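The structure under discussion appears below in the form of structure tokens.
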Amino acid sequence: MSTTPADTAVEIGRSIGVSVPRREDRRLLQGQGEFADDVWMHRQGYAHFVRSPHAHARIVSVDTRRALALDGVYAALTGEEVKELCESPFFQIAPEPAAKIAEYPLAVDKVRYHGDAVAVVLAETRELARDAAGLVDVEYELLPVVVDGVAAAEADAPLLHEQVGTNVAWHGVFDWGDVDWALENADHVVEIDHLHFHRFSSTPLECNAAVVHWDPGTDTVQVKSNNQMPMFASMVIGPTLGVASNRLLFASQDIGGAFGNKIGSYPQIAALALLSRKAGRPAKWTEYRTEHMLSCGHGNERTFLDTRVAVMKDGTILGFKTRAFDDAGAYLHYEPLGAVIWSQVSCGCYRLKHLHVDYTETLTNKCPTIPNRGYSRLQHLWLIERIIDIVAHELGFDPVELRKRNYVQPDDYPYETPNGCVYDSGDLPRSLDIALELIDHDKWRARQRELGRGSGKRIGIGIGSTLDSGTNNFGQARIINPELPFSGNGEAAYVKLDLYGEVNVNLGTTPQGQSHETTAAQVVGDVLGMGPEQVHVTAGFNQQQNTYVAFSGTYASQFAVTGLGAAKGAAEKLRAEIIEVAAFALEADAEDIELADGMCSVRGDQERAIPFIGVANLIYANNAALPTELRERISLNCRHVYVPPFEVPDPDKKRGNLTLTYASQIHACVVEIDEDTGHVEILEYAAVDDCGKRINPRIVEGQVHGATALGIGAALYESFEYDGDGQLQQASFYDYHAITALDAPDIKTADIESPSPFTPNGAKGMGEGGGAPLHAICSAIQDALGDQDAIVSDSHNPWERVWWLVHSGERGEPRGVRVSAQAAASAEGES
Amino acid sequence: MVEAGNVQAIEFTVNGERREATVASRQLLVHFLRDSLGMKGTHIGCDTGSCGACSVIVDGRLVKSCMMLAPQADGCEIETIEGIAKDGELTAVQRAFHEEHGLQCGYCTPGLVMAATFLLRRNPQPSEDEIRRAVRGNICRCTGYVNIIRSIERAARNGAEEAA
Ligand code: FES
Ligand code: FES
């Protein structure tokens, strides 16, 4: 038995497309990973935040004296003190008036949600810090609360940020095509009163953590954390702390899942920096799970009102009009970018031409939202999938046929959407056919008909069609705020030949399970003619040793394009340098040098060869043997920045190419509903993925599995709900039922590969998954409902809601949907 | 409130090594392992005993080490993830997780390796249903459990081959 599991045989230089085994596993399987809470510093203290038990209250006083009196308590900070210490509040992405929001690392004057941080203490041990936090006396004066994202926009709603003068963080109208014409000329207009996409998050198993050391000797701030977008964090907190970005030094190694949620730890990191400076020691913080649920950030909750859909007799859907209310919670963390990010997939998988979305983002007394797997697109894709199924249900179309009729067709690519995005490639009808085959669609359709009423069971078949848009054009931020100096995207990498001829790669990314060490080694190995196992990729990110651009990090389904594009470009530069040195050493033409297995040889004459170690020796230790020009130009340390071909979008028309790639995921499922209990059992589940050229198919499949289970969890079990007083009801894994191995179905997968014409490897970013299970499960429940039952109008369907749905018809509950009078008349005329 | 003087001397075995320590009465076993013994392979994912990231084997039983106080380990034999591979040689369970891509971020992995090891010691050829039940207390947010189940099935096969 070997100690290292046998590596799959890979032909040298051809590892792309092969499921080579993961490089990361060995350490992780033995508990040798280094996660943020595994980092300790000499003289560190443990930090504990004091958090508000109230959703909205004026802070009358904060008294830390009893805490500080304990032996072993090093320091405490309150909001008022933090405000004095900060150069400015955090900068806001939002335009006026929401730009006036003054958020500091700790709450000042008011708390605005259950869990808002009012103070932080530092002590000798974890336990002592927690005790001391309990001794901080805070006096509150309660204020009225608003927890409804729609009600928050009303003029008489309690105001969260008085200086803003409104709870509307952003409002804009997205209008493409001519929706009024479409609604007037449609054969049918389907009106849906209310659709609600609920709050949940991916709740990574590892909570946030950081050790922050404001080193007085060098006046640098070292941040060892699991923040997944350190450059964004740096840009936000640097000016607030008054620390230049070259002295704010982020580093991380292994991250225990993030899913977008760990973009949001920058306020805590800023508070820890100030606490460290005050105490003169490193401040270590490990978020408690309850703290994570209360305050790390939740996914966006969105309500769609008065949706009107224009449909032709043959099933062609012309477009729709809706009013969207997105509930951003109490502060804007990364928001209001969500107000534009959905428009990357404005028409979903379909050839809808006329779209009108009146979009409002509001502030409420709830935990701030933060990007969550599928960020802002999954809410919109869910809306479109609900529209498709409701139209099918109301007008009697087959949901499969209706989708196929309206899908973007294989020969439409590159397909320009109504707002100027370009779908790069795909084959949606074929993906759907494969998914239906995997769930044995025809068998279950027949079984559904046989079952009939009175059996106490209902069968439903569901489909979720999604796009996983990857590699953002950050210029879309200007659609939110034209003043923002952002556009394009990019990622950086170093590839070097080291002293003894070893190849080393440094990335600008912060992987959290996406296997960057493995796939970067594949790409670099292929360029340099060596096996991936011969390439060493530095684990994790370190601002002082790695290279980066402002967009660096791991988020938004882009590594396969940006990160690997950078690694490939840097490897190609290194290859050219190695060849130049080898050509000199071998007295041959550069065109005749071949690289294989760490050797450079002259084509047709294997005897004339120099190993990589020989090339490295000439540059690092033996440079007098080289011509001056060569030794001054070549370093064998190559940096490359991959930059996608973007232009700045048009903020007035809200148009432009907002993302480079569009992976697709088509899901299909079969559920059985128990009419007595509302219990939903998943009988079949299949996911068909198309992310272009797959660098490592097994890693892709793993991402599909993960996104699927999180989506199923959200559809059936996981929800963050607040009561009328703004108390979070699910603040632990007791109350928040994270999906388990007993709940998760076996997932059948298949794939097709439609290479992207726009990317270095033909790959597309993937991993977020577009929330397909939410769409597919809602679709299946809808499919199981009768004509008199209410429509599925919520993305969260626990037993009690499903029970209510299957009995809504017999109880005469309002259905929440209408086919407009004129359209109904024409439908009758047809039948 | 802190009761500074409230400490206890304990004696225990961890991964075959006999140790003695003085622990605070209120310290959780998981914090003792991580903070005091520096054995950071055992992880923490919740405050409620719900996630299994902290799973270790105590006196032959699978235990969530956040649900046990350090003083309760007095006289116990503890196995943690650090002691699973012998001399750097991965066990059948660890190899199977690697071969079946049963881990992504790896944060849940030590707990799952312990849970699977415990299961296969008692039941070397479990059914899929038995596997799902055995790991229902281990939350994984990355893999959707599909490859975790496959890993444990493979570990059972690997183990059977090794025993043969
Ligand atoms: S940390 Fe022990 S069960 Fe979650
Ligand atoms: S692999 Fe990340 S939590 Fe399981």
Quiz item: At a Förster distance of 22 Å, what's the computed FRET efficiency of A:Glu502 paired with A:Asn246, Cβ-Cβ distance as r, to 0.05?
Solution: 0.20
Quiz item: On full extension of the chain, what length is gained from A:Glu800 through A:Glu154, given 0.36 nm per residue of separation minus the C-alpha to C-alpha distance?
Solution: 229.5 nm
Quiz item: Alpha carbon centre of the stretch A:686-722 versus the stretch A:148-213: separation in Å?
Solution: 24
Quiz item: Kirkwood Rh, chain B, all Cα pairs: how many Å?
Solution: 16.3
Quiz item: Based on the alpha carbon coordinates of the stretch A:16-56, what radius of gyration and maximum Cα-Cα distance (Dmax) apply, in Å?
Solution: 19.3, 54
Quiz prompt | aspartates and glutamates with Cα under 18 Å of A:Lys83, excluding same-chain neighbours fewer than 8 positions away | solution = A:Asp63, A:Glu103, A:Asp109, A:Asp116, A:Glu162
Quiz prompt | Neighbour-limited loop hits for GluC sites (Glu not before Pro), the stretch A:434-535 (at most 13 other Cβ within 10 Å; DSSP other than H, G, I, E, B) | solution = A:Glu483
Quiz prompt | Accessible surface, the stretch B:92-163, averaged per residue in Å² (probe 1.4 Å) | solution = 32
Quiz item: What are the residues of the stretch A:34-70 that lose 50 Å² or more of accessible area, with a 1.4 Å probe, going from their chain alone to all protein chains?
Solution: A:Phe35, A:Asp38, A:Trp40
Quiz item: Of A:Tyr375, A:Ile59, B:Val58, which is farthest along the charge dipole of the protein assembly as shown in the positive direction, counting Lys and Arg as +1 and Asp and Glu as -1 at C-beta?
Solution: B:Val58
Quiz prompt | For the stretch A:185-201, Karplus couplings with θ = phi - 60° (6.51, -1.76, 1.60), whole Hz, Gly/Pro x | solution = 9, 6, 6, 10, 10, 9, 10, 10, 5, 8, 10, 10, 9, 7, 8, 7, 8
Practice problem: Kindly report the accessible area of chain A per residue (heavy atoms of protein chains, probe 1.4 Å, no ligands, DNA or RNA), in Å². | Solution: 33
Quiz item: In percent, how large is the relative contact order of chain A, given Cα pairs closer than 8 Å and 6 or more residues apart?
Solution: 16
Quiz item: Looking at the stretch A:9-25, which residues lose a minimum of 30 Å² of accessible area between their chain alone and all protein chains in place, measuring with a 1.4 Å probe and not counting ligands or nucleic acids?
Solution: A:Arg22, A:Asp25
Exercise. Mind running the shape call on the protein assembly as shown? Use the C-alpha gyration tensor, a ≥ b ≥ c as the square roots of the eigenvalues: rounded below 1.5 for a/c, prolate if a/b tops b/c, oblate otherwise.
Key: rounded
Quiz item: Nearest 100 Å², what total accessible surface is buried between chain B and chain A (probe 1.4 Å)?
Solution: 5100
Exercise. Could you tell me the distance between the Cα centroids of the stretch B:17-34 and the stretch B:46-104, to the nearest Å?
Key: 16
Self-check item: Qualifying lysines (Cα of each under 16 Å from Cα of A:Lys653; at least 8 residues distant if same chain)
Solution: A:Lys353
Quiz item: Excluding ligands, DNA and RNA, what is the solvent-accessible area per residue of the stretch B:2-83 at a probe of 1.4 Å, expressed in Å²?
Solution: 42
Quiz item: Normalised by the number of residues in the stretch B:92-163, what is the relative contact order in percent for Cα pairs under 8 Å and 6+ residues apart?
Solution: 55
Quiz item: With the dipole of chain A worked out from charges on the C-beta (+1 for Lys and Arg, -1 for Asp and Glu) around the Cα centre, which of A:Thr518, A:Gly713, A:Asn419 lies farthest toward the positive end?
Solution: A:Thr518
Exercise. Output the residues of the stretch B:130-155 meeting this criterion: accessible area (heavy atoms, 1.4 Å probe) in the chain alone minus accessible area with all protein chains in place is 10 Å² or greater.
Key: B:Arg132, B:Arg133, B:Arg136, B:Ile139, B:Arg141, B:Cys142, B:Thr143, B:Gly144, B:Tyr145, B:Val146, B:Asn147, B:Arg150
Practice problem: Count the net charge of all other residues whose Cβ sits under 13 Å from the Cβ of A:Ser202, scoring Lys and Arg as +1 and Asp and Glu as -1. | Solution: +1
Self-check item: Alpha carbon centroid spacing (whole Å) that separates the stretch A:636-666 from the stretch A:755-809
Solution: 28
Quiz item: Over the stretch B:92-163, what percent of the accessible surface lies on carbon and sulfur atoms, probe 1.4 Å?
Solution: 43
Self-check item: Estimated FRET transfer efficiency (A:Asp180, A:Asp650; beta-carbon r; R0 22 Å; 0.05)
Solution: 0.50
Exercise. Identify all aspartates and glutamates with a Cα-Cα distance to A:Lys654 below 13 Å; exclude those on the same chain that are fewer than 8 residues away in sequence.
Key: A:Asp175, A:Asp358
Exercise. Putting +1 on Lys and Arg Cβ atoms and -1 on Asp and Glu Cβ atoms, find which of A:Ala186, A:Cys207, A:Val111 reaches farthest to the positive end of the dipole of the stretch A:106-214.
Key: A:Cys207
Practice problem: State to the nearest 20 debye the size of the charge dipole of the protein assembly as shown about its Cα centre, where the only charges are +1 on K and R beta carbons and -1 on D and E beta carbons. | Solution: 1240
Quiz prompt | Whole-percent carbon and sulfur share, accessible surface of the stretch B:2-83, 1.4 Å | solution = 45
Practice problem: Return the sequence-ordered ³J(HN,Hα) values of the stretch A:415-430 in whole Hz as given by the Karplus equation 6.51 cos²θ - 1.76 cosθ + 1.60 applied to θ = phi - 60°, using x for Gly and Pro. | Solution: 9, 8, 7, x, 9, x, 7, 10, 6, 7, 5, x, 8, 5, x, 5
Quiz item: Which value results for Rg/Rh of the stretch B:92-163 when Rg is the Cα radius of gyration and Rh the Kirkwood radius based on the inverse mean 1/r?
Solution: 0.92
Exercise. Show that you can apply the helix-only estimate: for chain A, add -39,500 (n - 2.57) for every DSSP H stretch of four or more residues, divide by all residues, and state [θ] at 222 nm to the nearest 500.
Key: -8000 deg cm²/dmol
Practice problem: Can you bin the stretch B:2-83 into rounded, prolate or oblate? Criterion: square roots of the alpha carbon gyration tensor eigenvalues sorted a ≥ b ≥ c, rounded for a/c under 1.5, prolate for a/b above b/c, oblate for the rest. | Solution: oblate
Quiz item: Of all accessible surface on the stretch A:133-183 at a 1.4 Å probe, what whole percent is carbon and sulfur?
Solution: 52
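The values are calculated or read from the model by the stated rules, or taken from the named source; none is laboratory data. Because the structure is predicted, anything quoted here is derived from the model rather than measured. No Cβ is skipped: glycine too gets one built from the backbone with ideal geometry, and neighbour counts run over all protein chains shown. Heavy atoms of the whole protein, side chains included, go into the accessibility calculation; ligands, DNA and RNA do not. Shrake-Rupley method; radii C 1.70, N 1.55, O 1.52, S 1.80 Å.
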